[in-house]
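The values are calculated or read from the model by the stated rules, or taken from the named source; none is laboratory data. Since the model is a prediction, treat every value here as computed from it, not as a measurement. A quick note on method: Cβ atoms are made from the backbone with ideal geometry, for glycine too, and the neighbour counts reach across all protein chains shown. Quick note on the areas: whole protein, heavy atoms, side chains included, nothing else; ligands and nucleic acids left out. Shrake-Rupley method; radii C 1.70, N 1.55, O 1.52, S 1.80 Å.
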Amino acid sequence: MNILILGSGGREHTLAWKLHQSQKLTKLFVAPGNAGTAAIANNIPIGVNDFESIKALVLEKAIEMVVVGPEDPLVNGVHDYFLNDAQLKHIAIIGPQKAAAALEGSKKFAKKFMIRHNIPTAAYQSFTANELTEGYAFLETLKPPYVLKADGLAAGKGVLILTDINEAKKELSNMLVGAKFGNASTTVVIEEFLDGIELSVFVLTDGVGYKVLPTAKDYKRIGEGDTGLNTGGMGAISPVPFADKEFTDKIHQRIVIPTVKGLKTDGLPYKGFIFIGLIKVGNDPFVIEYNVRLGDPETEVVVPRIKNDLVELFQAVASESLDSLALELDDRTAATVMLVSGGYPETYEKGKQISGCDLVDDSLAFHAGTIEKDGEIVTNGGRVMAVTSFGEDFKEALKKSYQNIDKLHFDKMNYRKDIGFDL
Ligand code: AMP
Ligand code: GLY
């Protein structure tokens, strides 16, 4: 079958790499893709939210399945767009419909869902601009630090954690009245701070059955020791060593089962990945967020550990027969380290020539912000490349990634040398 992947990051290169291994694949397209996907698929210069151009491409290339990488097109209703079009409605879409994508598109919607289905999460209240005084009063009832979340999509920047009550009140006003995050902060969720270590778990569901994919931990801050600004993710490890059987059983029973069941009860159509952001408080898991897609760079460590044919898994999602397949996983640990442009996550330069890609040995170099220009691979974004390796434990895996990183070079290349430091 012909398959189209929407997106252009390391997540999409990893999905392309995995789908490319399937006997069931005929032609693979990626829109818009990067230099990594160009080597194994056909890149098409179309934006992920340009539904009309996506439709034309799907019809022209006889594409039978669309795998949606990022959240934006899902929250904007790409799945519904296909279902509502007579020429497209038979095409399999991996990614939930708009109503369910609100689990990521609205923090308030996600909190209400969790409370309704008894899924452990931080206590919260939500406020709009005309409830500013009530918001201040709620802050007064909480202990610091204070967690303020813009309700809508804010490119990963919409969460503020503040230690000072006056600062928290000022920021609440900036968000609600000053539109600090534009429309995304018309509503703000204020929640109780949870103190613990973070991890994520990924679930693939067809709306009826589900498969729990491995746990992963990503490293979001730019600086070593988890310091400095937040990024999209600087590295990841899977599985998470502290998530032992007892703890993952709790995640399964208290969170995964009620989430999948809750989607069904609420009539929220879901065929795709659920990314559950968790925090381990004491020995108990709490949900901090849902995303309606895979994570990046978590995908670069989770997907390589799946032994199944990914086309077969996705076909089972489309035909609601996921329960008939057994998930097979690689027991080894996978670790990835993200190479980023100097200056990222603030301003950085693009167009730097990347050398050494052909020297990478016993690791997988997944491209993120890269592009081919005049026969050279050059940087084209903040996060440039994720170097993934396997090992018996995360230290062994990381050692291989760092050895290969020594062979890679571009001007002002930066990366964290301490992935896994807290484990
Ligand atoms: P989110 O976009 O919801 O994942 O939040 C971004 C980051 O803020 C998370 O990765 C956590 O590090 C932190 N965070 C969010 N909610 C809480 C909370 N209730 N308690 C502590 N930290 C939180
Ligand atoms: N690495 C975090 C995310 O993909 O949202």
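The table for this structure:
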item	result
Top of VAL281, VAL67, VAL311 by mean-square fluctuation, Gaussian network on the chain, Cα under 10 Å	VAL281
Cleavage-rule hits (trypsin sites (Lys or Arg not before Pro)) in region 343-423: DSSP loop, at most 12 neighbouring Cβ within 10 angstrom	LYS417
Calculated FRET efficiency for the pair ASN183/SER319, C-beta based, R₀ 41 Å, to 0.05	0.65
Estimated [θ] at 222 nm from DSSP helical runs (n ≥ 4, -39500 (n - 2.57)) normalised by residues in the chain, nearest 500	-7500 deg cm²/dmol
Cα centroid of region 24-62 to Cα centroid of region 102-155, whole Å	37
Segment GLU140-ARG116, length gained on full extension (0.36 nm per residue, minus Cα span)	6.1 nm
Solvent exposure ordering (accessible area, 1.4 Å, most first) of HIS117, HIS90, HIS409	HIS90, HIS409, HIS117
GNM result for the chain, Cα springs below 10 Å: residue of GLY375, GLY277, GLY156 fluctuating most strongly	GLY375
Solvent-accessible area per residue for the chain (1.4 angstrom probe, square angstrom)	41
Nearest-10 value in Å² for the accessible area of THR186, using the 1.4 Å probe	80
Note, ³J(HN,Hα) from phi for region 25-30, Karplus 6.51, -1.76, 1.60, rounded to Hz, x at Gly and Pro	7, 9, 10, 10, 10, 10
Rounded to the nearest 10 Å², the accessible area of ARG332 at probe 1.4 Å	90
Per-residue ³J(HN,Hα) for region 284-301, Karplus 6.51 cos²θ - 1.76 cosθ + 1.60, θ = phi - 60°, Hz, x for Gly and Pro	10, x, 10, 8, 9, 6, 10, 10, 9, 7, 7, x, 9, x, 4, 4, 5, 10
Extended-chain gain in nm, criterion 0.36 nm per residue less alpha-carbon gap, LEU59 and ARG221	54.1 nm
Pairs beyond 30 Å (Cα-Cα), from LYS27/LYS412; LYS112/LYS220; LYS271/LYS373; LYS108/LYS352; LYS220/LYS407; LYS143/LYS217	LYS27/LYS412; LYS271/LYS373; LYS108/LYS352
Simple Cβ-charge dipole of region 132-197, Lys/Arg +1 and Asp/Glu -1, about Cα centre, in debye nearest 20	240
Those GluC sites (Glu not before Pro) in region 365-406 that DSSP places in a loop and that have at most 14 other beta carbons within 10 Å	GLU392
Shape call, region 342-423: gyration tensor on alpha carbons, a/c limit 1.5	oblate
Surface accessible to a 1.4 Å probe, PHE109 within the full protein complex, Å²	60
Cα gyration tensor category, rounded, prolate or oblate, for region 239-287 with a/c compared to 1.5	prolate
Potential extension, LEU423-ASN174 segment - 0.36 nm per residue separation minus Cα distance	86.0 nm
FRET efficiency, 1/(1 + (r/R0)^6) with R0 56 Å, evaluated for LYS307 and GLU192 via beta carbons	0.90
Apportionment of accessible area to carbon and sulfur, the chain, percent (1.4 Å)	48
P(r) histogram, all alpha-carbon pairs of the chain included - 10 Å bins from 0, percent	5, 22, 32, 28, 12, 2, 0
Volume in Å³ per residue [convex hull over Cα atoms, computed for region 190-236]	143
Förster radius 22 Å - calculated FRET efficiency between ILE40 and ASP358 (Cβ-Cβ, nearest 0.05)	0.90
